[in-house]
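Take a look at the structure set out below.
The values are calculated or read from the model by the stated rules, or taken from the named source; none is laboratory data. Keep in mind it's a predicted model, so treat the numbers as computed, not measured. Neighbour counts run over all protein chains shown; Cβ positions are idealised from the backbone, glycine included. Each accessible area value is taken on the protein alone, full model and side chains, heavy atoms only, with ligands, DNA and RNA left out. Shrake-Rupley method; radii C 1.70, N 1.55, O 1.52, S 1.80 Å.
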Amino acid sequence: MVDGKKPAKQFETYKKVSTLGVGSFGTAYLVQCLSNNSLAVIKQIDIAQMSEDERRETLNEAKILEVLNHPNITRFREVYKTKKGKLCIVMDYADGGDLYTKIANQKKIGKVCYSEDQILDWFVQMALAIKHIHDRKILHRDIKSHNFFLTKKGIVKLGDFGIARVLSNTR
């Protein structure tokens with residue numbers, strides 16, 4: 001603290017590397033953090049054209065990600081608004097792509113089967129991620145192979161909490 005005031009939060013500066021995907025509400029970019037050269041993902045959402053309810057739901061995703069701290073859930077870094085009114089949610093990058101693409105690519109090369117050990121490893125990691133969010137009364141509501149991301153070290157991470165809900169109780 002300086003002069004009894006908290007220092008202003010310093011946002012990271014990013015350099016766009018590539019576009020990872022385009023959805024109905026926004027675009028996901030692979031970016032490089034200029035402070036340490038690490039890679040991250042920015043999910044950029046145009047909230048200017050959204051209704052108040054849609055804006056609230058979008059901000060909800062950032063709030064949900066911010067409270068989740070688990071090795072099998074995509075880690076939230078920060079959220080900010082651009083001068084053009086776009087909401088940017090910054091998350092860790094999973095360098096192994098998504099599970100759907102991994103399985104699809106395996107089929108393309110004619111090798112359909114994964115070992116039972118590999119499938120069990122992925123399954124346990126997915127179950128741990130889901131248990132973590134359910135313990136916090138959060139429903140993901142879009143569990144599918146497109147939303148499980150992989151690292152090259154074999155870690156599975158649940159992501160894309162765009163339509164998740166926080167429940168007040170579990171009945």
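Entry remark, the stretch 139-149: residues being modelled with pLDDT of 85 or more, more than 13 Å from Asn72 (Cβ to Cβ) and touching a Lys or Arg at 6+ places or on another chain (Cβ under 8 Å) number 0 in total.
The residue pairs whose first member lies in the stretch 62-82 and is surrounded by 13 or more Cβ atoms within 10 Å (Cβ to Cβ), whose second member is part of a helix (DSSP H, G or I) and among the small types (Gly, Ala, Ser), and whose beta carbons are closer than 7 Å, counting only pairs six or more residues apart or on different chains, are His70/Ala129; Asn72/Ala129; Ile73/Ala129; Val79/Ala62. Which of the residues spanning the stretch 17-29 are more than 15 Å from Tyr80 (Cβ to Cβ) and in a strand (DSSP E or B)? Scanning the stretch 17-29 gives Val17, Ser18, Thr19, Leu20, Gly21, Val22, Thr27, Ala28. Look at the stretch 83-107: where a residue is under 19 Å from Gln32 (Cβ atoms) and a partner is open to solvent by less than 40 Å² (accessible area, probe 1.4 Å) and among the small types (Gly, Ala, Ser), sitting 6+ places away or on another chain with Cβ atoms under 6 Å, you get Ile89/Ala62; Val90/Ala40; Tyr93/Ala40.
Here the helices (runs of 4 or more DSSP H) wholly within the stretch 30-147 that include at least 2 residues being of a type in the set (Gly, Ala, Ser) are 116-135. Considering only residues in the stretch 80-126 that are of a type in the set (Asp, Glu) and under 22 Å from the mean Cα position of the chain (by Cα), the one that is farthest from Phe161 (Cα to Cα) turns out to be Asp121.
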